[in-house]
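The values are calculated or read from the model by the stated rules, or taken from the named source; none is laboratory data. In this text the structure is predicted, and so the values were computed from the model without any measurement. Cβ atoms come from the backbone with ideal geometry, glycine included; neighbour counts cover every protein chain shown.
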Amino acid sequence: MTDLHRGIPVREPAQTALDDTILPFEVKALDLRGRIVRLGPAVDAILSGHDYPLPVAKLLGEAIVLAVMLGSALKFNGRFILQTQSDGPVRMLVVDFTSPDKVRACASFDAERVSAAMAAGQTEPGRLLGKGHLAMTIDQGPDMSRYQGLVPLEGKDLEHAAHEYFLRSEQIPTRVRLVVAEEFRGGENGARRRWRAGGILLQFLPKSAERARAADLDPGDAPPGTETHSLPEDEAWVEGRSLVATVGDIELIDPALSSERLAYRLFHERGVRVFRSTPVQARCSCSRQSVETMLRSFPQEDRDDMIENGKITVKCEFCSSTYVFAPDEIATTDAALS
């Protein structure tokens with residue numbers, strides 16, 4: 001079928017759910033654009049490949065969804081790197097998304113503090129992260145400058161940090177939902193758990209400059225009693241964010257609910273247009289050659305310090321692959337290049 005007024009194909013939303021996909025969509029009547037991310041085997045491969053405690057794995061899963069959601073907006077071949085550094089039990093999260101479809105991730109945490117938090121039932125994302133900052137870096141390649149945006153982590157979750165980033169850096173009204181959970185399925189060898197994750201991003205992008213106006217940010221150092229600048233929210237944005245707020249966690253990870261069906265549930269009354277979905281795969285960019293190149297870039301003294309039991313061993317923190325080199329192998333290659 002076709003919408004005769006606009007010449008846009010019209011069809012029923014897909015019934016079959018597809019994992020490891022990013023679905024862009026548009027609600028033209030409300031000046032809204034967004035993306036729905038659905039991750040299954042990709043996030044399971046990353047999280048299952050590490051022996052992280054449950055709350056650490058869930059937190060890293062949320063970071064993966066957020067990075068995929070934002071990195072997939074790149075209009076060029078490059079990398080989007082999301083990284084947290086904070087004073088909480090989970091000291092660092094790193095997610096590396098290489099456009100158009102590759103993602104890898106790892107976490108660094110204090111095992112004793114995480115165990116104590118689990119024993120006390122204090123595993124909320126904000127408590128695990130603590131205070132610090134979230135950095136989002138766009139790497140366009142060796143011949144281009146990097147762009148980096150920073151937002152403070154103030155004891156709250158990644159959703160809050162994303163909202164603050166878009167408010168302060170982009171000044172785009174934005175809502176983000178992130179969900180990670182384990183799915184248990186029976187099999188011949190008993191129940192097996194699999195990680196699932198999903199998320200939705202919604203942004204208000206009106207063409208009218210007047211409707212795109214935003215209130216001034218709090219200056220922070222204004223005298224007490226100073227009246228802050230405020231603007232009423234656009235009714236279209238109020239409607240859009242209110243609809244997103246109705247999405248249940250299970251809807252974002254339900255393997256029986258397609259992303260198209262979810263978009264239709266939310267916005268069918270206003271009309272929603274979906275675009276071609278793109279796949280996501282868990283794949284690390286490390287290789288023996290890249291590790292060897294890295295080692296050869298170190299001074300000989302540093303390489304000598306890395307020798308244990310007569311060999312140099314390097315383990316990739318992202319995929320846990322281990323690369324072993326004989327010292328003379330690196331030294332010979334280095335000498336040949338000098």
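Sort out which residues of the stretch 235-249 are in contact with a helix residue (DSSP H, G or I) (Cβ under 8 Å, 6 or more places away or on another chain) and either modelled with pLDDT under 95 or part of a helix (DSSP H, G or I) (or both), and write them in order of number. Please lay out each step first, then the result.
Looking only at the stretch 235-249, we keep the residues that are in contact with a helix residue (DSSP H, G or I) (Cβ under 8 Å, 6 or more places away or on another chain), and these are 236-237, 239-240, 243-244, 246-247.
The answer is A236, W237, E239, G240, L243, V244.
In the set (1) assigned to a strand (DSSP E or B); (2) crowded, with 18+ Cβ neighbours inside 10 Å, Q83 fails one condition alone, (2).
Taking the residues in the stretch 282-305 that are part of a loop (DSSP other than H, G, I, E, B) and in contact with a strand residue (DSSP E or B) (Cβ under 9 Å, 6 or more places away or on another chain) as candidates, determine which candidate is nearest to K102 (Cα to Cα). Reasoning before the result, please.
Of the stretch 282-305, the ones part of a loop (DSSP other than H, G, I, E, B) are 283-287, 297-299.
Narrowing the set further to residues that are in contact with a strand residue (DSSP E or B) (Cβ under 9 Å, 6 or more places away or on another chain) leaves 283-287.
Details: R283: 6, C284: 8, S285: 9, C286: 12, S287: 15 Å.
Restricting to residues being part of a loop (DSSP other than H, G, I, E, B) and in contact with a strand residue (DSSP E or B) (Cβ under 9 Å, 6 or more places away or on another chain), the top hit is R283.
Just one of (1) surrounded by 17 or more Cβ atoms within 10 Å (Cβ to Cβ); (2) closer than 20 Å to G199 by Cβ fails for P100. It is (1).
Conditions tested, residue by residue: (1) in a loop (DSSP other than H, G, I, E, B); (2) within 18 Å of the chain's Cα centre (by Cα); (3) assigned by TED's automatic domain parsing to the domain that holds A245.
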site: G126; (1), (2), (3): no, yes, yes
site: L134; (1), (2), (3): no, yes, yes
site: G141; (1), (2), (3): yes, no, yes
site: K156; (1), (2), (3): yes, yes, yes
site: H163; (1), (2), (3): no, yes, yes
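Residue-wise test of (1) at pLDDT 95 or above; (2) within 24 Å of K315 (Cβ to Cβ).
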| site | (1), (2) |
| --- | --- |
| G34 | yes, no |
| V37 | yes, no |
| D44 | yes, yes |
| L54 | yes, yes |
| L60 | yes, yes |
| I64 | yes, yes |
| A67 | yes, yes |
| G71 | no, no |
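Just the residues that are surrounded by fewer than 19 Cβ atoms within 10 Å (Cβ to Cβ) and either of a type in the set (D, E) or under 29 Å from R241 (Cβ atoms) (or both), please, taken from the stretch 34-78. Result: D51, A73, L74, K75. The residues listed here are L252, L262, L266; of these, the one that is assigned to a helix (DSSP H, G or I) and within 16 Å of V68 (Cβ to Cβ) is L252.
Is there a residue in the stretch 134-153 that is of a type in the set (D, E) and either within 23 Å of Q281 (Cα to Cα) or touching a Cys at 6+ places or on another chain (Cβ under 8 Å) (or both)?
Kept after step one, since they are of a type in the set (D, E), are these residues of the stretch 134-153: 139, 143.
Pick out the ones that are also either within 23 Å of Q281 (Cα to Cα) or touching a Cys at 6+ places or on another chain (Cβ under 8 Å) (or both) and you get 139.
Yes, there is a match, as at least one residue in the stretch 134-153 is of a type in the set (D, E) and either within 23 Å of Q281 (Cα to Cα) or touching a Cys at 6+ places or on another chain (Cβ under 8 Å) (or both).
For the stretch 144-171, the candidate set comprises residues that are closer than 16 Å to G71 by Cα and of a type in the set (D, E, K, R); within that set, the residue that is surrounded by the most Cβ atoms within 10 Å (Cβ to Cβ) is E159. Residues in the stretch 86-115 that are of a type in the set (D, E) and assigned to a helix (DSSP H, G or I): E112 alone.
Cβ separations smaller than 7 Å between residues 6+ apart or across chains give the following pairs from the stretch 12-23 residues that are over 20 Å from G271 (Cα atoms) to residues that are surrounded by 20 or more Cβ atoms within 10 Å (Cβ to Cβ) and among the hydrophobic types (A, V, I, L, M, F, W, C): D19/L39; D20/L39; D20/A42; D20/V280; T21/V280. If you take the residues of the stretch 232-252 that are hydrophobic (A, V, I, L, M, F, W, C) and in contact with a Lys or Arg (Cβ under 7 Å, 6 or more places away or on another chain), which of them is surrounded by the fewest Cβ atoms within 10 Å (Cβ to Cβ)? Selected residue: V244.
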